[in-house]
Structures are given as structure tokens and as C-alpha cells.
1. Ordering 70, 88 by how much accessible area each has at a 1.4 Å probe, largest first, what is the list?
2. With mean projected area of the Cα convex hull in nm² defined as stated, name the option among [x] 12.8; [y] 10.1; [z] 10.7 computed from the structure displayed.
3. To the nearest 10 degrees, how steeply does helix 44-73 sit against the main Cα axis of the chain, on a 0 to 90 scale?
4. How high is the relative contact order of segment 58-100, given as a whole-number percent (alpha carbon pairs under 8 Å, six or more residues apart)?
5. What number, rounded to the nearest 500 deg cm²/dmol, is the helix-based mean residue ellipticity at 222 nm of the chain, given -39500 (n - 2.57) per DSSP H run of at least four residues and division by all its residues?
6. Among 147-154, 89-96, how do they line up from the highest to the lowest mean number of other beta-carbon atoms within 10 Å?
7. Helix 29-39 versus the longest principal axis of the chain: what is the Cα-based angle in degrees, 0 to 90, to the nearest 10?
8. Please calculate how many Å² of accessible area the chain carries per residue, with a 1.4 Å probe and no DNA, RNA or ligand atoms counted.
Amino acid sequence: EKNRGALFFPAGILFGLSAITKPTILLFIPLVFGWIFWEARHLIRKGAYRSLWLSLGVALMIFPVTLRNYLIGGEWVLICTQGGINFYVGNNPDSDGKTCILPGSFVPQMHGGKYYDSLWGSSVEMAEREMGRKLLQGEVSRYWYRKAWEFIIENPLGFTALTLKKVY
């Protein structure tokens, strides 16, 4: 009940650490901000103060990863670059909602951790072939996000059916 917005800083640190290991948790940030402002609905400054502390904690944890990505990969990538391929594998016309197979590539096998390397390697190769040039890792991710969104927009009923199948 007290205006202890600084208590949201450690929550932001935990949120940021969680995002480094599972970036999809960032999808919940708008819900968290919504909750913060709902709780402080009578005092907008209080909600803004708490949100600022939370954001500062999140940014403090994520920024070193983003900086490392820039220094090593040469591009500003928030946390990781496999989001696009993961999104496409789960949202494409050939997805069955259960398996992790990139359409048009080999059937992946799990052999001593090579599975993910092979999936990423295939995704890079296919994206570069279609684009006709060498791509940075962030470009590869954006390519696959774009492909997934094309499927979702062009086939909303198929996407809805696929989503319901995955939820089931």
C-alpha cells in the first residue's frame, strides 16, 4: 500500500534474468504494466514510478546480452536470434502443432545436441538461398518471422485451427 516503487526494481531484475533464458516472457511485459497501472489507477505518477523501476531492472539485465550480441555479431539483437525460426516452425502451412520440423528441409534428428544446430543451419541456408545473399543472424530471424506472419495473414482460419490444436 505504501509508495515503494523501488521494490519493483528487484522484480525487474528477476524478469530480465527470466527473459535472458526464455525471451518469450517479454510478451507479458504489457500485462505487467497494465497491472501496475490498474493497481495505481488513482495515482498515475505512482504507476509510472513503479513501471520505471521495473523497466530499469529488466534493462539492466538484458543490456549486457544485447551489447555482447552487437560486439560479436555486429548487429543489435535484443537477446537471441532463433525466435523467428521457432515462430515459423510452429506457424506455417505444414505445421502439425507437435513436431519441430522446418518445411523443405531434412527431418531433424536429435544426436548429441546437433538437432538445434542442424535446424538453425537449415534455416540460415534456406533464407539465404531465397534472399540471394549472405544474411546476418538477425536478418535470418526477421526473414522467418515475416514468413510466419505471411501464413497467419493469408490463412487466418488455418492459423486459428492450428492454434486450437496446439492449445488442445
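The values are calculated or read from the model by the stated rules, or taken from the named source; none is laboratory data. Everything numeric here is computed off the predicted structure, so don't read it as measured data. We place every Cβ from the backbone using ideal geometry, glycine too, and count neighbours over all the protein chains shown. In case anyone asks, the SASA skips ligands and DNA or RNA and just uses the protein heavy atoms, side chains included. Shrake-Rupley method; radii C 1.70, N 1.55, O 1.52, S 1.80 Å.
1. Values: 70 90, 88 25 Å².
Correct descending sequence by accessible area is 70, 88.
2. [x]
3. In the chain, helix 44-73 runs at an angle near 40 degrees to the longest axis.
4. Once normalised by length, the contact order is 24 percent.
5. So the calculated ellipticity at 222 nm is -22000 deg cm²/dmol.
6. 89-96, 147-154
7. 20 degrees
8. Working: 11200 Å² over 168 residues.
For the chain, the per-residue accessible area is 67 Å².
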